1. With each pseudo-label sitting 7 Å past Cα toward Cβ, what's the Gln75-Glu173 distance in nm, one decimal?
2. Can you give the extra length, in nm with one decimal, that the chain gains between Arg186 and Leu55 once fully stretched, where that is 0.36 nm per residue apart less the Cα-Cα distance?
Amino acid sequence: MRKFLKATAASVALLGLAGCATGFPAQVSRYQAMPAPNGETFAVVPMNEADAGGLEFSRYAEMVAAELREEGYTQAADPAAASMIVSLGYRVDDGRERIVDPYPGLYDPRFRFGVAFGRAYHPFYPYRYARHRYYGPRLGFAWGWDDPFWYGRGIRSYTEYRSVLELDIRRAEDNQAVFEGTAKARSRTDELGTLVPNLIEAMFTDFPGRNGETVKITVRGDEDARR
């Protein structure tokens with residue numbers, strides 16, 4: 001049933017960001033030549049040596065291992081005996097401020113239309129205005145470029161973080177790559193404990209995916225991680 005749900009999620013992935021996202025949207029790129037499960041064993045190791053032995057990494061490594069076991073691969077008791085080495089890495093940036101105008105048609109000059117002879121017509125108001133001068137009935141005013149009242153009219157800001165999860169799988173015998181995947185997301189939280197599980201789920205949706213394909217996948221995510 002879970003495999004069916006994953007396939008269904010992948011089939012509607014492009015719809016996930018088309019409207020209002022109700023989950024955690026991610027962009028997933030995968031290059032793969034994965035062998036069909038036939039006795040292959042694997043071990044999950046940190047891509048960053050600093051994560052080796054850490055409790056946080058162990059948690060995420062077990063999530064990846066659980067996904068691979070569900071795909072039919074066997075987890076090796078001893079990494080030295082594994083036929084595939086799975087390297088896992090993840091990070092989140094320091095964030096950047098984003099400005100949001102909830103009513104761009106009302107306040108943002110870029111959304112105005114009907115410009116003619118130096119005058120513009122607002123889509124929601126019967127006032128005519130240019131850059132600084134008001135041409136309509138003297139019942140009020142309309143907003144123009146550089147208007148001093150533009151800021152504070154519902155404008156807000158928040159910090160946006162960008163997170164990345166990388167998964168690299170190689171044959172142990174010759175170090176040949178069989179899977180290279182990257183999952184990226186934008187969110188309002190920098191909590192790896194929230195981000196990494198969502199990125200792992202996105203990575204393994206319809207795993208291993210089509211070689212060289214980049215898809216947008218929305219998974220059910222924590223409310224705090226949504227854009």
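1. Once both label points are built, they end up 2.5 nm from each other.
2. 44.7 nm
Any read-out appearing in this document is the output of simple, stated calculations on the displayed coordinates, not a laboratory observation. Worth saying up front: this structure is predicted, and the values here are computed from it rather than measured. Glycine gets a Cβ as well: all are built from the backbone with ideal geometry, and neighbour counts include every protein chain shown.
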